[in-house]
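Enquirer: Quick one: this structure, given as structure tokens, is what I'll be asking you about.
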Amino acid sequence: MKISVILGHPYENSFNSAVAKTIVDTLTQKKHKVMFHDLYRENFNPVIPENELINDFTEDDLVKNHQLEIKEADGIIIVHPNWWGQPPAVLKGWIDRVLRENIAYAFQKGDKGGGLPAGLLKAKTGLVFNTSNTPEKRENEVFGDPLNRLWKDCVFGFCGITTFDRIVFRVMADSSKEERMKWLKQTRDMVNHYFM
């Protein structure tokens with residue numbers, strides 16, 4: 001299988017990077033083809049130009065490459081921190097620029113965007129790994145866990161991905177080395193469960 005792994009974290013030695021490395025290593029051991037992208041290391045430009053927004057065509061070769069790969073992917077895995085209940089800007093820009101109409105979704109003929117789209121992605125499984133400094137009870141009761149809704153319904157569901165799972169490692173600021181090792185094992189287990 002071809003699996004797209006997208007990392008959105010600015011620190012090269014972050015725990016998010018360790019999670020992404022664990023994912024890539026686990027998939028590689030299973031003989032999957034991994035299409036890994038560290039958006040910060042690639043200097044992915046998250047700002048969508050006006051002409052790209054209007055005509056759905058990009059002149060950015062890196063964006064073109066991401067679009068081709070996401071269309072070929074059998075599975076998609078996203079890794080990022082929870083910042084203000086959202087992904088970092090570089091990852092939001094990746095969504096804006098890569099998951100475009102006629103790449104990730106399409107409206108029926110005559111529908112200018114007001115109806116329900118059909119998801120076009122080949123991938124049917126999407127996994128998300130988040131880190132957070134917000135305790136789970138507070139995240140759910142005060143904020144309503146916006147990242148779960150964003151990825152499950154607003155992004156993956158919109159693009160035709162029907163199997164979704166997500167794990168949140170928290171509270172990062174207070175975590176011990178032992179907890180982090182346990183979290184990396186959970187990462188391996190979850191990847192192995194969905195991509196045998």
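Readers should treat all values here as calculations from the given coordinates under stated rules, not as data from a laboratory. All figures in this text were calculated on a predicted structure; none of them were measured in a lab. For neighbour counting, all protein chains shown are included, and Cβ atoms are generated from backbone atoms with ideal geometry for every residue, glycine included.
Enquirer: Only one of GLY114, GLY93 is out of contact with any strand residue (DSSP E or B) (no Cβ under 7 Å at 6 or more places or on another chain) and closer than 24 Å to GLU69 by Cα; which?
Expert: Being out of contact with any strand residue (DSSP E or B) (no Cβ under 7 Å at 6 or more places or on another chain) and closer than 24 Å to GLU69 by Cα holds for just one of GLY114, GLY93, which is GLY93.
Enquirer: Something else now. Collect the residues in the range 71-85 that are assigned to a loop (DSSP other than H, G, I, E, B) and free of Cβ contacts under 8 Å to residues at least 40 places away in the same chain, keeping them in residue-number order.
Expert: TRP84
Enquirer: Residues in the range 36-54: is at least one assigned to a loop (DSSP other than H, G, I, E, B), surrounded by fewer than 16 Cβ atoms within 10 Å (Cβ to Cβ) and in contact with a strand residue (DSSP E or B) (Cβ under 7 Å, 6 or more places away or on another chain)?
Expert: no
Enquirer: State whether the residues of the range 98-113 include one that is of a type in the set (A, V, I, L, M), part of a helix (DSSP H, G or I) and closer than 24 Å to ALA20 by Cα.
Expert: Among the residues of the range 98-113, at least one is of a type in the set (A, V, I, L, M), part of a helix (DSSP H, G or I) and closer than 24 Å to ALA20 by Cα, which makes the answer yes.
Enquirer: So in the range 107-157, with the set limited to residues that are aliphatic (A, V, I, L, M) and in contact with a Phe, Trp or Tyr (Cβ under 7 Å, 6 or more places away or on another chain), which one is farthest from PRO10 (Cα to Cα)?
Expert: ALA118
Enquirer: Being surrounded by fewer than 22 Cβ atoms within 10 Å (Cβ to Cβ) and not basic (Lys, Arg) is true for just one of PRO10, PRO87. Which residue is that?
Expert: PRO10
Enquirer: For the range 23-35, name all the residues that are in a loop (DSSP other than H, G, I, E, B) and surrounded by 13 or more Cβ atoms within 10 Å (Cβ to Cβ).
Expert: Within the range 23-35, LYS30, HIS32 meet the criteria.
Enquirer: Only one of THR131, THR125, THR163 is loosely packed, with under 15 Cβ neighbours inside 10 Å and of a type in the set (Val, Ile, Thr). Can you tell me which?
Expert: The match here is THR163.
Enquirer: Within the range 169-180, is even one residue without any contact (Cβ under 8 Å) to a residue 40 or more places away in the chain, in a strand (DSSP E or B) and either in contact with a strand residue (DSSP E or B) (Cβ under 6 Å, 6 or more places away or on another chain) or of a type in the set (Ser, Thr, Tyr) (or both)?
Expert: yes
Enquirer: Among (1) free of Cβ contacts under 8 Å to residues at least 12 places away in the same chain; (2) under 20 Å from GLY126 (Cα atoms); (3) not in a helix (DSSP H, G or I); (4) not small (Gly, Ala, Ser), there is one condition LEU68 misses while meeting the rest; what is its number?
Expert: That leaves (3) as the condition not met.
Enquirer: Looking at the structure I just gave you, is GLY144 without any contact (Cβ under 8 Å) to a residue 12 or more places away in the chain and at positive phi?
Expert: yes
Enquirer: Starting from the range 1-22, take each residue that is touching a residue at least 60 places away in the same chain (Cβ under 8 Å) and part of a loop (DSSP other than H, G, I, E, B) and list its partners that are among the small types (Gly, Ala, Ser) and crowded, with 24+ Cβ neighbours inside 10 Å, counting only C-beta distances under 9 angstrom and pairs at least six apart or across chains.
Expert: Taking only residues 6 or more apart or on different chains, the pairs are HIS9/ALA20.
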